[in-house]
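A.B. asks: Pasting a structure below so you can have a look.
The values are calculated or read from the model by the stated rules, or taken from the named source; none is laboratory data. Predicted, not measured: the structure shown is a model, and the values here were computed from it. Note: ideal-geometry Cβ built from the backbone for every residue, glycine included; neighbour counts use all protein chains shown. Remember, those area values only see protein heavy atoms, side chains included, never the ligands or the DNA or RNA. Shrake-Rupley method; radii C 1.70, N 1.55, O 1.52, S 1.80 Å.
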Amino acid sequence: MLEHVPAWLGNLLRGRRAGHEKLVAADPALTVGADAINLTSPAFASGGRLPVRFTADGEGVSPPLVWTGVPEAAVSLALIVEDPDAPTTAPLVHALIWNLPAETGRLAEGAIGATDAGETGRNSYLREGWLPPDPPTGHGDHDYVFQMFALSSLPELDEGAGRGAFVEAIAGRVLATGVLIGTYSRGETDTVAPQGAVVA
């Protein structure tokens, strides 16, 4: 949808961003435990560019995720993916899942929104499942922040719940958190290393 935003408008909006301080993981109402989940993806490095296949310019499937370091006391996991660089008042929600089994350790490519991958909430387009990254042309790099929470009990959420209900439901239950950031942009110089190049 945002691929049709003209580059001049994207450039004009460059300074307008929701802000990383508005991410769920930065919410002071969440009492996050001292433990940290090691959240990674075999498809991209932390802080690296998301491959096109996971965006609106490609197949639009969700990327695979892998994690370790979940506390033994965790009963379930919850995941939210947000874009704090969207030119909106709050970060755009790209995915929302809860009741992921604590012991699984991975989420396969394309699993966000699948019936066997926990319960799925509504993204910012009011749909359940993965909202592929779709930044305005010329707006610059956008961070897509994958935030995983280990919970001490199952959150009480209705099917298709949104961000506000999600934050309220996990408050006071967070034992540990993990964050993984992938970036994407349109109309920018591609900084991806050529095939076969060694990235330091």
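A.B. asks: Roughly to the nearest percent, how much of the accessible area of segment 100-155 is carbon and sulfur, given a 1.4 Å probe?
C.D. replies: 48
A.B. asks: Using Cα-Cα distances under 8 Å and only pairs 6 or more residues apart, what relative contact order does segment 44-195 have, in percent?
C.D. replies: Averaging sequence separation for qualifying contacts and normalising by length gives 29 percent for segment 44-195.
A.B. asks: Under unit Cβ charges (Lys, Arg +1; Asp, Glu -1), what dipole magnitude, rounded to 20 debye, does segment 106-175 have relative to its Cα centre?
C.D. replies: 120
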